[in-house]
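Report on the structure given below.
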Amino acid sequence: CDRELDAWLETYRPTLKPTTRKLYEGIIRNHLKPYFGSRDLRELANTDVLTFVAAMQQKEMGPKAIENTLSCLRRVCTLLVDDRRLDRNPISHLASLMRQVRNASATETVEREAWTRSEARVLLELASQHEPKIRPFLVLLFATGLRRGEALGLKWADVDFDSRRFTVRRSVTSVGVSTPKSGRARRVPMTPDLTETLFDLLAERQRERLSSGWPETPEWIFCSETGTG
């Protein structure tokens with residue numbers, strides 16, 4: 001299994017974003033190789049997968065982390081099945097398996113957390129009073145539900161004030177600029193409040209350009225204090 005894991009990572013390296021590649025490298029090195037490295041994937045049974053899940057739970061690994069780890073192994077097995085080196089994928093029913101694991105370990109039903117209108121309003125009021133520079137960023141997140149990286153990746157060229165829409169084309173992560181998680185651009189409508197907020201922010205950026213001596217208005221909507229992304 002060691003060889004197959006390394007071969008899969010090397011084969012698909014060009015298709016993986018830096019953050020995803022780093023995640024898979026850690027998963028293979030820290031979890032899959034120590035447990036499955038000496039195993040023949042042709043002999044892997046459902047019971048082996050369940051034993052692995054139990055072993056990871058003993059290490060206090062959560063269901064989501066276990067699912068990510070097995071998802072990586074499933075991709076490796078899928079490649080082997082496509083190459084006709086494996087008759088079946090022993091991880092093919094991962095979603096069903098992990099649903100059972102979550103249900104078995106849950107002590108209560110989980111309610112998805114979300115900001116209420118009143119909570120959002122209070123946070124925006126506090127930002128206006130104490131951190132006014134982050135208020136436009138919060139308004140954008142509350143109005144659109146964008147991921148933080150997608151919001152940080154917006155440029156003024158992405159905004160169409162006439163149609164009150166903007167286009168999400170990129171995401172900013174800890175390792176740099178990349179495409180959105182979906183890999184596709186998408187257009188997002190703007191509420192009247194968000195449109196006004198961004199228009200005011202653009203005017204503020206233009207004033208900053210004049211006062212700071214920047215050669216041009218920063219291209220990034222949420223730029224640094226020096227006007228860079």
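Quickly run through the stretch 38-69 and pick out the residues that are farther than 13 Å from Ile27 by Cβ and assigned to a loop (DSSP other than H, G, I, E, B).
Restricting attention to the stretch 38-69, the residues satisfying the condition of being farther than 13 Å from Ile27 by Cβ are 38-51, 53-55, 57-60, 62-63.
Once the filter is applied, which keeps residues that are farther than 13 Å from Ile27 by Cβ and assigned to a loop (DSSP other than H, G, I, E, B), the stretch 38-69 yields Ser38, Arg39, Asp40, Leu44, Ala45, Lys59, Glu60, Gly62.
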Of all residues in the stretch 185-207 being under 18 Å from Ala157 (Cβ atoms) and either among the charged types (D, E, K, R) or in contact with a His (Cβ under 6 Å, 6 or more places away or on another chain) (or both), the one that is surrounded by the most Cβ atoms within 10 Å (Cβ to Cβ) | Arg205
Please verify whether the stretch 144-161 includes one or more residues that are surrounded by fewer than 18 Cβ atoms within 10 Å (Cβ to Cβ), farther than 30 Å from Arg99 by Cβ, at pLDDT below 90 and not basic (Lys, Arg).
-> no
If you take the residues in the stretch 115-133 that are among the polar types (S, T, N, Q) and in a helix (DSSP H, G or I), which one is nearest to Leu201 (Cα to Cα)?
-> Ser128
Take Thr69 and decide whether it is in contact with a His (Cβ under 8 Å, 6 or more places away or on another chain), of a type outside the set (D, E, K, R) and touching a residue at least 12 places away in the same chain (Cβ under 8 Å).
-> yes
How many of the residues making up the stretch 47-85 are under 15 Å from Arg99 (Cα atoms) and open to solvent by 70 Å² or more (accessible area, probe 1.4 Å)?
-> 3
Tyr35: farther than 21 Å from Met98 by Cβ, among the aromatic types (Phe, Trp, Tyr) and surrounded by 14 or more Cβ atoms within 10 Å (Cβ to Cβ), yes or no?
-> no
Hey, can you tell me all the residues within the stretch 1-19 that are free of Cβ contacts under 8 Å to residues at least 24 places away in the same chain and buried (at least 16 other Cβ atoms within 10 Å of the Cβ)?
-> Leu9
Leading residue by the ranking (nearest to Gly145 (Cα to Cα)) among those in the stretch 186-211 that are of a type in the set (Ser, Thr, Tyr) and without any contact (Cβ under 8 Å) to a residue 60 or more places away in the chain = Thr191
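The values are calculated or read from the model by the stated rules, or taken from the named source; none is laboratory data. Source: prediction; values computed, not measured. Cβ sites come from the backbone with ideal geometry, for glycine too, and all protein chains shown count toward neighbours. Surface accessibility is based on the protein's heavy atoms, side chains included, excluding ligands, DNA and RNA. Shrake-Rupley method; radii C 1.70, N 1.55, O 1.52, S 1.80 Å.
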